[in-house]
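The values are calculated or read from the model by the stated rules, or taken from the named source; none is laboratory data. Quick caveat, the model's predicted, so the values are computed rather than measured. When we count neighbours, we look across all protein chains shown, and the Cβ atoms used for this are built from the backbone with ideal geometry, even at glycine.
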Amino acid sequence: MSKKFTCVDLFSGAGGLSRGFLDAGYDVVLGVDFDDAALQTFKANHGKAEVMKLDLFDHSNIDKIVEYLDSRNIKLDVLVGGPPCQGFSIAGPRDMNDKRNSLYLAMVKLADRLKPQAVVLENVPGLIQTNNGIGAKRIVQDFAEIGYKMTPKLLYAPDYGVPQIRKRVFFVGLRDSDVEFEFPVATCDKEHYVTYADAIDDLPSLQTDAGEIIYGEDIQEYKTPARTEYQTKMRKNSDKVQNHIGSIPIEKTKKMISLVPEGKNYKALPEEYRGMYKYHEALTRYHSQKPSLTINTGHRSHFHYVYNRIPTVRESARLQSFPDDFIFYGNKSQQYKQVGNAVPPMLGKVVAAKLKEYLRRKRLIKYKMIDLFAGCGGLTEGFMQTGLYEEVAAVEWLKPQVNTLRKRLKEKWSEEDADDRVMHFDIQREEELFQGWDDKEFGKGKGLDYYTSKVPKIDLIIGGPPCQAYSVAGRVRDENGMKNDYRNYLFEHYLSVVNRYKPKLFVFENVPGILSASPNGTPITELITQGFESIGYYISNDLKKAFVNAVDYGVPQNRNRVIIVGLNKDYYSETQKILDRFYEEILPKFKSNKVYTVKEAIGDLPKLLPLFDEENHKKRRSHTTPECEISWHVPRYSNLRDMDTFTILEEDIESGRREYDSKKISELYEKKVGSKSPIHRYHVLEPNEPSTTIIAHLYKDGNRFIHYDSSQKRTITVREAARLQSFPDDFEFVGSRGNVYQMIGNAVPPRLAKAIASAVKELLEEI
């Protein structure tokens, strides 16, 4: 069981900020406030957390918090809080001398005493907007003096899925850190903001058929199914509606609000009534198709977009992103106050989730993994880029790939013993793989048992057996449909390794053809499912969900793959529900907001211009090779016939004529070569679209990967192929050019791997 990061909330109120941390997987241990009703609410909604009623103007009370944590042997990881700073509030009188402006010092003093790894402070935008940001500067300076690098940022709640126009400044401080905290990117754009109606229109109306407003019951049933994704999320752990008690307005108010159209305020009243109201937000009726205005503590000026009443506590809580299982206590006024003073939990959660990445690096807690059929390390690279994983061992039988991965782990990831831990060996020789070997072909090796014994536990195994036997293209080319290919059953050795080391989960990557492959009449997926179930692991019962396209994850290439995640039943219950959530909710979160094109990927590399003189072609030089700091950007030899063909096809695209379809390209091939070909032999990469799938066969024939620029008349270089696979430019490949083309084509794109690693991390954090 992994230890959760601990969290204490000062000035907690009901606990919106700490509820976000709780939902992000933290252990919230204590809430501190001076409001009895708010503390009752906090305690009821934060698991086993305790509460303390303390006046934090009195800094001697800091001792009580320290004593409490010490008595329970709690080491604090994160201190959070939203100290009142009314003097900086835009809504208030902006009194710089308001004594509440100094309440944040209680957080400074407690942080100095307990030295948590991080501090998160939330407050009003006025801290950075008023008096040249003097309040924010003061906070940053005071925390810097005790060793925290504080980073402030104004966050806009709708950008993170909260259905409310709410701006707040967050300060995140990292102790003894040289880096600044990088805030999470927005998850919603303006066109996809969650609206008022999206948030609440599934809740009971509190109105009779005759149109009369009613109070409703303390506990009510949902009258309609959830209509939106947001409503589903809010109702996830609740089968009843609470805190949904109506407020019946006086007849005068009811009459006035009935005259206000949706999205307007008192200024839309007939002229004879306008003078009755001075407050600029008076009689504001919410707009159903926009996020709500900022939820405040009074709740007397804003009205439902349909009904002539103020929003209930539950409706206001929905707009603050409190889930329906979060129950508020105290009288109705106290409940409204708790809601209005709170940090939206969804906003707290995204900050908490991002902070966890820093905390894991700081604590040096890294998940331990083994990479099987590792190749040159595309999958490993993506996992390592997250900073959350450690490669205990890797297995690969092709020497150039082994040398490449060893070099990368040593030079990029500072794994000094990579020459030993990246094993050059045949996975089919299982006993030796586990216990060690000494032979002429593979030299000496200590075996997987040796390296796994150096760590407490293997958390995951990653990798995918060679895919040629499952590939639809491979089955078409082979006269026996690959039925007799030994690679059909390499997964059995993967299974054996999983069975021996019992990781929490595994990630098994392969081609879509695995879903249809049936060597000797039995679907390979059936064999895989049965094999893993026999050792206590479950994969999705609908592997179509495991189908992904790398282009969706920031890779400039259409590359379809199946990502099979298997869960150890000893760590996970309800495995199918978890797997459904992984494929439907978790992994899609890491999709890219942009589709990258071939030109964006390789267009900045130096041009390699053609040579037409006979002398150079005798030496098999067809293009210039300009000096380039980036390795492997060297032209492949093309004969004059192919260069002429490339020009015809490139110019066909550049001109916009696009006359050369598959049939015409086949005719061109026959004309140029003098023989027919059953397959499409030439293909120019479209500059403004993602690349077609980079394949291992590229090492034999590059004519299906022709550069789009007619001035260059060539196929793509190794580096260009690597970029289209999302390998960074500092990734150094080892081997001949043919070796390197092959290993790139067989690799998992690192960007896709990083997305998978980030998604898998969320599953591992659940344990």
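On the given criteria, is Ala197 in a helix (DSSP H, G or I), surrounded by 11 or more Cβ atoms within 10 Å (Cβ to Cβ) and modelled with pLDDT of 95 or more? Let's see the steps before the verdict.
Values: in a helix (DSSP H, G or I): yes; surrounded by 11 or more Cβ atoms within 10 Å (Cβ to Cβ): yes; modelled with pLDDT of 95 or more: yes.
Taking the combined requirement at face value, the residue satisfies it.
Residue count for the stretch 100-141, restricted to those that are in a loop (DSSP other than H, G, I, E, B) and farther than 17 Å from Val169 by Cα: 3. The set of residues in the stretch 640-677 that are touching a helix residue (DSSP H, G or I) at 6+ places or on another chain (Cβ under 7 Å) and assigned to a loop (DSSP other than H, G, I, E, B) comprises Arg658, Glu659, Tyr660, Lys676, Ser677.
Filter the stretch 280-308 for residues that are on the phi > 0 side of the Ramachandran plot and in contact with a strand residue (DSSP E or B) (Cβ under 8 Å, 6 or more places away or on another chain) and give the result. Answer for the stretch 280-308, where residues must be on the phi > 0 side of the Ramachandran plot and in contact with a strand residue (DSSP E or B) (Cβ under 8 Å, 6 or more places away or on another chain): just Leu283. In the condition set (1) part of a helix (DSSP H, G or I); (2) closer than 18 Å to Ala342 by Cβ; (3) aromatic (Phe, Trp, Tyr), Phe171 is compliant with all but (1).
Taking Ser288 as the residue in question, decide whether it is of a type outside the set (Lys, Arg) and under 37 Å from the mean Cα position of the chain (by Cα). It is true that Ser288 is of a type outside the set (Lys, Arg) and under 37 Å from the mean Cα position of the chain (by Cα).
Look through the stretch 619-643, keep the residues that are in contact (Cβ under 8 Å) with a residue 40 or more places away in the chain and over 42 Å from the mean Cα position of the chain (by Cα), and return whichever of them is surrounded by the fewest Cβ atoms within 10 Å (Cβ to Cβ).
Filtering the stretch 619-643 down to residues in contact (Cβ under 8 Å) with a residue 40 or more places away in the chain leaves 622-623, 630-636, 638, 642-643.
So of that shortlist, the ones also over 42 Å from the mean Cα position of the chain (by Cα) come out as 622-623, 638, 642-643.
Details: Ser622: 21, His623: 21, Ser638: 22, Asp642: 20, Met643: 18.
Only one residue fits best here, namely Met643.
Scanning the stretch 286-337 for residues that are more than 14 Å from Tyr230 (Cα to Cα), of a type in the set (Ser, Thr, Tyr) and surrounded by 24 or more Cβ atoms within 10 Å (Cβ to Cβ) yields Ser292, Thr312, Ser316, Tyr336.
One line per residue, one yes/no per condition, for (1) of a type in the set (A, V, I, L, M, F, W, C); (2) crowded, with 18+ Cβ neighbours inside 10 Å; (3) in contact with a Gly (Cβ under 6 Å, 6 or more places away or on another chain):
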| position | (1), (2), (3) |
| --- | --- |
| Ala342 | yes, yes, yes |
| Gln385 | no, yes, no |
| Ala393 | yes, yes, no |
| Trp397 | yes, yes, no |
| Lys410 | no, no, no |
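Residues that are free of Cβ contacts under 8 Å to residues at least 60 places away in the same chain and either assigned to a helix (DSSP H, G or I) or basic (Lys, Arg) (or both) within the stretch 142-166 comprise Asp142, Phe143, Ala144, Lys149, Lys153, Asp159, listed in sequence order. Note on the stretch 532-565: among residues that are in a loop (DSSP other than H, G, I, E, B) and hydroxyl-bearing (Ser, Thr, Tyr), the one that is farthest from Glu762 (Cα to Cα) is Ser534.
In this structure, does Glu262 turn out to be among the acidic types (Asp, Glu), in a helix (DSSP H, G or I) and either free of Cβ contacts under 8 Å to residues at least 12 places away in the same chain or out of contact with any Cys (no Cβ under 6 Å at 6 or more places or on another chain) (or both)? Lay out the reasoning, then the answer.
On the way: among the acidic types (Asp, Glu): yes; in a helix (DSSP H, G or I): no; either free of Cβ contacts under 8 Å to residues at least 12 places away in the same chain or out of contact with any Cys (no Cβ under 6 Å at 6 or more places or on another chain) (or both): yes.
Against the criterion (among the acidic types (Asp, Glu), in a helix (DSSP H, G or I) and either free of Cβ contacts under 8 Å to residues at least 12 places away in the same chain or out of contact with any Cys (no Cβ under 6 Å at 6 or more places or on another chain) (or both)), Glu262 does not qualify.
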